[in-house]
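Peer 1: Below is one structure. I have some questions about it.
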Amino acid sequence: MDPHPNPFQIAQRQLDEAAGRLGLSPAMHALLREPMQELHFTIPVRMDDGNEEVFKGFRIQYNTARGPAKGGIRFHSNETVDTIRALSAWMTWKTALLDLPLGGGKGGVVCDPRTLSQGELERLSRGYMRKAAQVVGPDRDVPAPDVYTNPQIMAWMMDEYEVITGRHLPGVITGKPVNLFGSLGRGDATARGGLYTLRETAKAQGLDLRDAPVAIQGYGNAGQFAHQLGGELLGLKTVAVSDSRGGIYDPKGLDYQAVTAWKRKTGSVVGFQGADNVTNAELLELPVVVLFPAALESVIREDNAPRVKAKVVGELANGPTTPEADLILHENGIYVIPDFLCNAGGVTVSYFEQVQNAYNFYWTLEDVQSRLDAKMTEAFHSVHAMAQSQRVHNRLAAYMVAVRRVAEAVALRGWAH
Ligand code: GLU
């Protein structure tokens with residue numbers, strides 16, 4: 001077993017299976033198997049100590065048949081071009097599954113943002129946009145936050161783009177601060193959308209979620225809000241959470257306010273009083289009802305999948321489960337809410353943000369949340385129905401719904417049939 005599977009090979013294998021089931025032509029299949037366009041560039045940055053450092057950046061537009069490319073920008077030290085390719089493919093399937101008038105893209109910078117000062121981070125973010133400006137734009141490709149990027153970074157990038165173009169174009173990027181053309185409800189949208197799909201799963205499976213124990217791997221934007229909202233919206237009891245340094249477990253439940261206060265103070269959830277420390281690997285195998293992988297790719301693999309005890313795996317991260325693990329979870333009767341369904345709340349509210357920017361007219365929080373609920377619920381049922389009627393696991397069902405929609409747009413444009 002490969003301990004570091006290549007995410008893009010995984011994304012291509014997943015597509016291959018759906019393409020076979022859908023009977024796509026060789027040309028259509030070949031077109032959907034590769035990114036349509038890639039930009040690779042260098043970003044020179046003046047560091048605080050006066051030295052110059054050169055970072056590598058990427059922006060990949062996987063497919064734009066259904067609209068402008070859409071997807072986040074990651075700042076991560078292990079970033080690779082194949083990871084961005086995979087993530088841009090998954091964005092393509094995500095926007096199609098949610099039936100948003102958008103394509104898929106992704107960007108990234110190889111860097112460790114935790115070692116950068118605010119000034120360095122700003123210069124790197126502006127430097128990224130200076131290079132990406134040649135391919136992005138509200139009607140071309142619209143970035144957003146992802147792993148280790150945030151609303152402040154989006155604000156700098158939007159400003160840089162407006163300086164370059166000399167125009168007011170806030171819709172060039174989403175996930176902006178609410179006070180700078182962002183949307184209400186974007187901050188917690190990924191977790192909230194995932195919880196709506198979990199609510200629908202529970203209805204479909206006859207599962208009682210009240211006080212159901214939950215483990216969350218990853219305590220970034222998605223993981224933290226899943227902890228907070230899981231209790232508020234569905235009455236879930238989060239018993240374990242983790243971040244890159246490790247995790248904590250208390251079968252009696254972990255208080256959201258207390259854990260976040262601890263993490264703010266110490267930089268990690270590890271060492272939280274009254275809880276046992278667990279590793280990230282151990283967290284995945286705890287006796288819980290719901291497991292939320294909310295960190296990085298390929299954490300549920302052939303080796304540990306047989307030990308996953310959750311009844312439902314809600315993939316808030318992108319690509320947390322390998323194809324081998326998918327089959328094992330399916331055989332063990334575990335209900336997987338696949339990533340590009342479960343975590344699609346983020347891009348859905350990003351789309352709402354773009355609409356608000358275009359109209360220069362801003363919605364209430366209630367409007368955003370009720371429209372998000374409607375979108376997530378509809379997408380959930382399209383996947384669930386496909387899985388039932390075709391007798392396939394949920395990921396393959398999600399692929400079949402999404403790939404068919406993209407293929408239709410590609411055919412109507414006459415790119416391939
Ligand atoms: N990075 C998020 C994702 O993977 C959000 C993308 C967006 O809002 O465009 O879905």
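The values are calculated or read from the model by the stated rules, or taken from the named source; none is laboratory data. This is a predicted model, so every value here is computed, not measured. With ideal geometry, Cβ positions are generated from the backbone for all residues, glycine too; neighbour counts draw on all protein chains shown. Each accessible area value is taken on the protein alone, full model and side chains, heavy atoms only, with ligands, DNA and RNA left out. Shrake-Rupley method; radii C 1.70, N 1.55, O 1.52, S 1.80 Å.
Peer 1: Using modelled backbone amide H atoms (1.01 Å from N, in-plane), which distant-in-sequence or interchain residues come within less than 5 Å of GLU79's amide H?
Peer 2: Residues meeting the amide H criterion: CYS111.
Peer 1: Tell me the carbon and sulfur percent of the accessible area for segment 280-347, rounded to whole percent, probe radius 1.4 Å.
Peer 2: 53
Peer 1: Using a 1.4 Å probe over the heavy atoms of the protein chains, calculate the carbon and sulfur portion of the accessible area of segment 112-249 as a whole percent. Kindly include the intermediate steps, with their values, before the conclusion.
Peer 2: On the way: 2500 of 5200 Å².
On segment 112-249, the fraction of accessible area on carbon and sulfur atoms equals 48 percent.
Peer 1: Mind scanning LYS252/LYS309; LYS94/LYS265; LYS56/LYS263; LYS70/LYS237; LYS70/LYS309 and naming the pairs with a C-alpha gap bigger than 27 Å?
Peer 2: Distance filter (> 27 Å) returns LYS94/LYS265; LYS56/LYS263; LYS70/LYS237; LYS70/LYS309.
Peer 1: Taking only protein heavy atoms and a 1.4 Å probe, what accessible area per residue, in Å², does the chain have with all protein chains in place?
Peer 2: Values: 16640 Å² over 417 residues.
Counting only protein heavy atoms, the per-residue value for the chain is 40 Å².
Peer 1: What does the highest-first list of 404-416, 387-399 look like by mean Cβ count within 10 Å?
Peer 2: The most tightly packed comes first, giving 387-399, 404-416.
Peer 1: I would also like to ask the following. Does segment 124-269 come out rounded, prolate or oblate, given a ≥ b ≥ c as the square roots of the eigenvalues of its C-alpha gyration tensor, rounded meaning a/c under 1.5 and, failing that, prolate meaning a/b above b/c? Provide the component values of the computation, followed by the final result.
Peer 2: Numbers: a/c = 3.10, a/b = 1.93, b/c = 1.61.
Taking the square roots of the gyration eigenvalues as a ≥ b ≥ c, segment 124-269 is prolate.
Peer 1: Alpha carbon centre of segment 363-417 versus segment 108-185: separation in Å?
Peer 2: That distance is 28 Å.
Peer 1: Tell me what the chain gives for mean residue ellipticity at 222 nm when only DSSP H runs of n ≥ 4 count, each as -39,500 (n - 2.57), the sum divided by the residue total, rounded to 500 deg cm²/dmol. Could you put the intermediate results ahead of the total?
Peer 2: On the way: 14 runs with 190 residues, N = 417.
So the helix-based figure for the chain works out to -14500 deg cm²/dmol.
Peer 1: Checking understanding here: applying a Kyte-Doolittle mean of at least 1.6 and a length along the axis of at least 30 Å (C-alpha), which whole DSSP H helices in the chain pass?
Peer 2: In the chain, no H run is both long and hydrophobic enough.
Peer 1: Specify the residue with the greatest mean-square fluctuation among ALA261, ALA212, ALA317, computed from a Gaussian network of the chain linking alpha-carbon atoms under 10 Å apart.
Peer 2: The residue with the greatest mean-square fluctuation here is ALA261.
Peer 1: Of the peptides 199-206, 287-294, how do they stack up when ordered by the mean number of other Cβ atoms within 10 Å, highest first?
Peer 2: By packing density, highest mean first, the sequence is 287-294, 199-206.
Peer 1: Let me ask something additional. Would you please give the FRET efficiency between VAL355 and ASP276, computed as 1/(1 + (r/R0)^6) with r the Cβ-Cβ distance and R0 = 41 Å, to the nearest 0.05? The partial results should precede the final answer.
Peer 2: Numbers: r = 46 Å, r/R0 = 1.12.
Rounded to the nearest 0.05, the efficiency is 0.35.
Peer 1: Excluding TYR249 itself, calculate the net charge of residues whose Cβ lies under 12 Å from the Cβ of TYR249, where each Lys or Arg counts +1 and each Asp or Glu counts -1.
Peer 2: Cβ neighbours under 12 Å give a net charge of -3.
Peer 1: Then there's this: At a temperature of 4 °C and a viscosity of 1.567 mPa s, determine how fast segment 293-417 diffuses translationally according to Stokes-Einstein, using the Kirkwood radius over alpha-carbon pairs as Rh; express D in µm²/s, rounded to the nearest whole number.
Peer 2: In µm²/s, the coefficient is 80.
Peer 1: Find, among the trypsin sites (Lys or Arg not before Pro) in segment 208-287, those assigned to loop by DSSP (not H, G, I, E, B) with at most 11 other beta-carbon atoms within 10 angstrom. Intermediate values should be presented prior to the final figure.
Peer 2: Numbers: sites: ARG210, LYS237, ARG245, LYS252, LYS263, ARG264, LYS265; in loops: ARG210, ARG245, LYS252.
Answer in residue order: ARG210, LYS252.
Peer 1: Once you list every other residue whose beta carbon is under 12 Å from the beta carbon of THR64, what net charge do they have if Lys and Arg are +1 and Asp and Glu are -1?
Peer 2: Charge balance near THR64 sits at +2.
Peer 1: Cα gyration tensor of segment 79-132, axes a ≥ b ≥ c as square roots of the eigenvalues: rounded (a/c below 1.5), prolate (a/b > b/c) or oblate?
Peer 2: In terms of gyration-tensor shape, prolate.
Peer 1: Any idea which of MET36, ILE60, ILE73 is furthest toward the positive side of the dipole for segment 1-155, if Lys and Arg beta-carbons carry +1 and Asp and Glu beta-carbons -1?
Peer 2: Result: MET36, furthest along the dipole toward the positive end.
Peer 1: Moving on to the next point. Which net charge results for the neighbourhood of ARG371, defined as the other residues with beta-carbon distances under 14 angstrom from its beta-carbon, given Lys and Arg at +1 and Asp and Glu at -1?
Peer 2: Result for the local shell: -3.
Peer 1: Could I ask something else about it? Rank-order 354-362, 184-192 by packing density, defined as the average count of other C-beta atoms within 10 Å over each peptide's residues, highest first.
Peer 2: Top of the packing list down: 184-192, 354-362.
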